[in-house]
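One structure below.
The values are calculated or read from the model by the stated rules, or taken from the named source; none is laboratory data. For clarity, every value in this text was computed on a predicted model and none was experimentally measured. When we count neighbours, we look across all protein chains shown, and the Cβ atoms used for this are built from the backbone with ideal geometry, even at glycine. Quick note on the areas: whole protein, heavy atoms, side chains included, nothing else; ligands and nucleic acids left out. Shrake-Rupley method; radii C 1.70, N 1.55, O 1.52, S 1.80 Å.
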Amino acid sequence: MELKSKDLLGLEYLSRKEIQLILDTTIPFKNLFTRSVKKVPPLRGKTVVILFYEPSTRTRASFELAAKRLNADTLNITVSSSSVVKGESLIDTGKTLEAMKADFVVIRHGMAGAAHLLARTVKASVINAGDGSHEHPTQGLLDMFTMREKFGSISGLKVAIVGDILHSRVARSNIWGLNKMGAKVYVVGPSTLIPKFIEDLNVTVCYNLKEIIGELDVVNILRIQKERTVESLFPSLHEYHKIFGVTEEMLGKSKKSLLIMHPGPMNRGIEISSVVADSERSVITEQVTNGIAVRMSILYLLGGKASEINY
Ligand code: CP
């Protein structure tokens, strides 16, 4: 069993078996983290370029560590100090990286479809680290790995994704992935932040988290994306917190086993209270650790494709 494509562009395009393969391959990589030497050799001699057109802490650092732990060379391109500011197109940047013999390009871009465009331009394996409001597949995979680690299986879990579904690439990747793995998915938020026809993706829409909190196994809380001026889509941040913010009081009505997740970065006191974020039910820091292992698994599984590159 191997991944079909040379690229990882979204969970919409992966089969259940491919997702299973990535999650299963993650386990031995996570086991490495308890060893004093955390490096293994599979990507020795390969080059991973990390090309981010949007800010990031977790995903960028996680890919860099994942590549380094697999013994690859890494090259970070900061767009603000690259030739992009001189007007270079994504396609020309891709061709330049190809001329430098990059084996992988990990891209984050504000435009939906940017990773697809790059994947069609270069022979290297392209990994989507977030494209606009479209997909963030490695976040979806690390979220599912974390759920599977805690519950043993994803099938049958009741998972609510709460917040700004409209602009969220994390929501879309979770919806595609969780449905394929047999979870029941709810999306929860103000009607202005829930896209029309989202039910077509096999989710149940809910406008009040308190109504379903008692049934849920997982609450995956999304960040209110102030940079996308979403505050005009609900009365105030205070109102949002009162209705959709996950608080200690709400936990009192939930199952004791309820898992609290957040992809980060968090707005404490808006979508999540500090008490909940730091509670025993929160796996937010474990998500970060799991992110490195999941990205090692993806780089490793795509590594075979990268070795077939014939310049
Ligand atoms: N979760 C996530 O994508 O975080 P960063 O924006 O810090 O990478």
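Each residue of the stretch 157-164 was assigned a 3J(HN,Hα) from its phi angle through the Karplus curve 6.51 cos²θ - 1.76 cosθ + 1.60 (θ = phi - 60°); the sequence is 5, 9, 10, 9, 9, 10, x, 7 Hz, with glycine and proline shown as x.
Where does the Debye-calculated log10 I(q)/I(0) of the stretch 137-284 sit at q = 0.11, 0.17 Å⁻¹, using only Cα point scatterers of equal weight, no solvent? Values, matching the q order: -0.35, -0.90. In this simple spin-label model, placing a label point 7 Å from the Cα along the Cα-to-Cβ direction at both VAL40 and MET111 gives a separation of 3.7 nm.
For LYS255 and THR289, a Förster radius of 25 Å and the Cβ-Cβ distance give a FRET efficiency of 0.55, rounded to the nearest 0.05.
Considering only C-alpha atoms, what is the centroid distance from the stretch 93-132 to the stretch 234-272, in Å? The stretch 93-132 and the stretch 234-272 have Cα centres separated by 35 Å.
Between LYS242 and LYS86, with labels modelled 7 Å along Cα→Cβ, what's the label distance in nm to one decimal, could you check? That separation, rounded to one decimal, is 5.5 nm.
Only protein heavy atoms count here; on that basis, with a 1.4 Å probe, ARG108 has an accessible area of about 20 Å². Taking the accessible area of the chain, probe 1.4 Å, and keeping the other protein chains in place, the carbon and sulfur fraction comes to 53%.
Summed over the residues of the chain and divided among them, the accessible surface reaches 42 Å² per residue at a probe radius of 1.4 Å. Rounded to whole Å, the principal axis extents of the Cα atoms in the chain read 57, 43, 35, largest first.
Taken along the Cα-to-beta-carbon direction at a fixed 7 Å, the label points for ASN179 and THR204 span 1.6 nm. Gain on full extension, evaluated as 0.36 nm per residue between ARG281 and SER191 minus their Cα-Cα distance, stands at 29.6 nm. Each Lys and Arg contributes +1 and each Asp and Glu -1, all at the Cβ; summed about the Cα centre of the chain, the dipole is approximately 800 debye.
Backbone phi angles across the stretch 89-94, fed through the Karplus curve with coefficients 6.51, -1.76 and 1.60 (θ = phi - 60°), yield HN-Hα couplings of 7, 4, 5, 5, 4, x Hz in residue order; Gly and Pro are listed as x.
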